[in-house]
1. Over what distance in Å are the Cα centres of region 147-183 and region 190-244 separated?
2. Filter the chymotrypsin sites (Phe, Trp or Tyr not before Pro) in region 152-206 down to the DSSP loop ones having no more than 15 other Cβ atoms within 10 Å, then list what survives.
3. If you take the alpha carbon radius of gyration of region 100-175 and divide it by 2.2 N^0.38 Å, what ratio comes out, to two decimals?
4. Which net charge results for the neighbourhood of ASP43, defined as the other residues with beta-carbon distances under 13 angstrom from its beta-carbon, given Lys and Arg at +1 and Asp and Glu at -1?
5. How high is the relative contact order of region 1-108, in percent, counting Cα pairs under 8 Å that sit 6 or more residues apart?
6. Rounded to two decimal places and with Rh computed the Kirkwood way over Cα pairs, what is Rg over Rh for the chain?
7. Test of understanding: express the Cα radius of gyration of region 201-292 as a ratio to 2.2 N^0.38 Å, with N the residue count.
8. With each run of n ≥ 4 DSSP H residues scored as -39500 (n - 2.57), what mean residue ellipticity at 222 nm is computed for the chain after dividing by its residue count and rounding to the nearest 500 deg cm²/dmol?
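None of the figures in this text is laboratory data; all of them are computed from the coordinates on show. Predicted model, so just to flag it, every value in this text is computed and none were measured. Glycine gets a Cβ as well: all are built from the backbone with ideal geometry, and neighbour counts include every protein chain shown.
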Amino acid sequence: MSLTDNRITDRYPTRTAEPAPHIERTDPTVWGTIETEQLAGFDTDGFTVFDGLLGRDEVVDFAAEVDRLTRDPELVLDERLVIEKGSNQVRSIFEVHQFSSMVADLVRESRIAGLARQILGSEVYIHQSRINYMPGLSGAGFYWHSDFETWHAEDGMPAPRAVSLSIALTENYAFNGSLMLMPGSHRTFVPCQGATPAKHYRESLREQQIGVPSGQDITELAAVRGITQFTGKPGSALLFDSNIMHGSANNITPFARSNIFVVFNSVENTLVEPFAADSPRPTYIADRSFTPLG
Ligand code: 6CS
Ligand code: FE
């Protein structure tokens, strides 16, 4: 598909020159058949919390794995490692399922990939995986955004037929930068203003400024949807729709917050040319091999 084709069929135009009205989602929010009882509210809320998705021993093992990776001297100069803007601490490590067999094995287990299949109604592949490590005292948050807005604009994801799973490896308190979400906001696409700069990802993965809604957008959406927060013990997990409005505050507590983050996309929603960027982002941020997990 060429760039021109994309633009003709673009149902979610964004990165516009002028403010644009919100777009009601035309795509389904659940494509498959829900079998896991806990997913019953996903259609309405756009997210589901799972307590104890990982057992205690697993949390210990994965926390040790994450610790090992954040200290791995071979990764120091690797572009997949993102450092905090205000300090020299590790913020994220991308494509973690490619170099940690523990993570690779975990995410293809049916208790995990099976959740994504139920929501997406097809075979799935990993669009993005990362470890997010928010250090204590100096961890920087992320302003409000929809992930799909970026994946559509910069990666060429056609429709919001993807889900993310964030597995907590440390306790998520209300005060250590836990994710805030607007329930039901996955049904509204908020176009963002401003053209995508070249190599935007180098900046946006540390602090996103393009592809974020205006203050008025956030005010309007929050008035209708309200705001909730994902808190939970280590091993708990949050599954959420690719278009839900979410963000996090800085972490000034001494309690670090780390999680394994994996994005499943439907094999029927594979990437095309970016809808609002000159060239696609590197494949360690947005995979283009589309290998089904099954
Ligand atoms: O770039 C990404 O893929 C993800 N990261 C940020 C900061 N925004 C969009 C999306 O959540
Ligand atoms: Fe996000």
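1. Taking the Cα centre of each part, region 147-183 and region 190-244 sit 8 Å apart.
2. TYR173, PHE175
3. It is 1.28.
4. Working: positive: ARG25, ARG187; negative: ASP27, ASP45, ASP241.
Residues close to ASP43 contribute a combined charge of -1.
5. It comes to 10 percent, rounded to a whole number.
6. That ratio is 0.93, to two decimals.
7. Its radius of gyration relative to the 2.2 N^0.38 Å reference: 1.32.
8. Working: 9 runs with 68 residues, N = 294.
-6000 deg cm²/dmol, from helical runs alone.
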